[in-house]
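Student: Here it is, the structure, as structure tokens.
Every number here is computed from the coordinates shown, using simple stated rules; none is lab data. Computed from a predicted structure; not experimentally measured. Cβ placement follows ideal geometry from the backbone for every residue including glycine, while neighbour counts extend to all protein chains displayed.
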Amino acid sequence: MNKAKITTHQSNPQKLSTRTSTAFTQVLSLNRDAASPHTNTAAEARSQPQTSTSAALSACGTGGFEVEGIPKIDDPYKKRQWQLEHMAGAFRVFARKGYTEGTAGHISVRDPVDPSTFWINPLGVHFGLLKASDMVHINEAGEVIGGAQRPVNAAGFMIHSAIHKARPDINAVCHTHSPAGKAWSTFGRHVDIINQDSCTFYEIQTVYENFGGVVLEKAEGERIAAVLGDKNRVAILQNHGLLTAGSTVDEVAYLFTSLERTCEVQIMVESTNLPKKRIGHDEAQFTANVNADPATLYTEFQLDFEYEIRKSKGELNKGI
């Protein structure tokens, strides 16, 4: 592939200063500790989700109503069920978008009752059929300790267990062999910050360059976890695909769908072999502070999640 020339927009302080100064300050501060009502069941969480609305998310809406945010569920057992429902919803979204590839692909969610363990999808069940009750509870030794009594993907365990252990701030991890992600991963490059949506990945993406085949060894999983460092939430695994990580399954699922589309768009752009203009640092950072905020990403995913709830007629909610 011939690499097109890339130019960069210079930051324009005057242009930025014309934005509402209050909104700019709020977005940069990203106050994620805004007080809000608590909910205690999965059903209540869906009907009253405005419980952790960040300043970035609040800046996205207008009209006198608070933008819905991440539910806060105090009971860890009820939170577990809520997470598994959203996990099943994420898989069904991925199935609808065409991310299935045989038995490849996995999402994991840290268990709120025992955070040293996590839940992952069973091996050999189609993404589009998964329910909350299908998920497998597994410990750091790879032993099934609850949930569905089924095998899990060995490579998935190696990757996810290493990341959960290395990054206590991460509660969910996602990896599939999606088409555009596989295609873009062959170049071993970050996605370019060349449009508003790609700003989501500004300064939170990394590339894992050492493809070592199917991840069946602990050391390979640890190397993937290491390349994420202490702040990255997105990894392009060279000759392999995409991986996202974050605080909720909704966040990582939306990050993944957005990154997949970004890779698709980038491949289209590369095919023209025309000069590209990068977005400048200030504009990219400003946009990232909104786009990549966990509460914003959670809210973005709810459109797809609610669609799957409606389509499944409640099936994906079947509990453990």
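Student: Given the pairs LYS218/LYS311; LYS182/LYS276; LYS165/LYS276; LYS79/LYS311, which are separated by over 31 angstrom at their Cα positions?
Tutor: Those over the limit are LYS218/LYS311; LYS165/LYS276.
Student: I need MET135, MET268, MET158 ordered by Cβ neighbour count within 10 Å, fewest first.
Tutor: Ascending number of Cβ neighbours within 10 Å: MET268, MET158, MET135.
Student: Of all trypsin sites (Lys or Arg not before Pro) in the range 220-286, which ones are in loop regions per DSSP and have a Cβ with at most 12 other Cβ atoms within 10 Å?
Tutor: Of the trypsin sites (Lys or Arg not before Pro), the ones in loops of the range 220-286 whose Cβ has at most 12 other Cβ atoms within 10 Å are LYS231.
Student: Could you tell me how far the Cα centroid of the range 137-152 sits from the Cα centroid of the range 298-320, in Å?
Tutor: Answer, in whole Å: 24.
Student: Test of understanding: ordering THR299, THR186, THR287 by Cβ neighbours within 10 Å, fewest first, what list do you get?
Tutor: Taking fewest neighbouring Cβ atoms as first place, the list is THR186, THR287, THR299.
Student: Also: With the crude spin-label approximation of a point 7 Å out along Cα→Cβ, what separation in nm comes out for LYS276 versus GLU203?
Tutor: So the two model labels end up 2.0 nm from each other.
Student: Based on other C-beta atoms within 10 Å, arrange PHE65, PHE211, PHE127 from fewest to most.
Tutor: Arranged by neighbour count, lowest to highest, PHE65, PHE211, PHE127 become PHE65, PHE211, PHE127.
Student: By how many nm would the segment from ALA219 to ARG96 lengthen if fully extended, with 0.36 nm per residue of separation less the alpha-carbon distance?
Tutor: Length gained between ALA219 and ARG96: 40.9 nm.
Student: Sticking with this one: Using the Karplus curve 6.51 cos²θ - 1.76 cosθ + 1.60 with θ = phi - 60°, what ³J(HN,Hα) values do you get for each residue of the range 285-299, in whole Hz, with x for Gly and Pro?
Tutor: 5, 4, 5, 5, 5, 8, 4, 9, 5, x, 5, 5, 5, 4, 5
Student: Ok, one more. Where a Cα-Cα gap under 14 Å defines reach, which aspartates and glutamates qualify for LYS231, not counting those fewer than 8 residues away within the same chain?
Tutor: Once the sequence-local aspartates and glutamates are set aside, what remains near LYS231 is ASP169, GLU203, ASP293.
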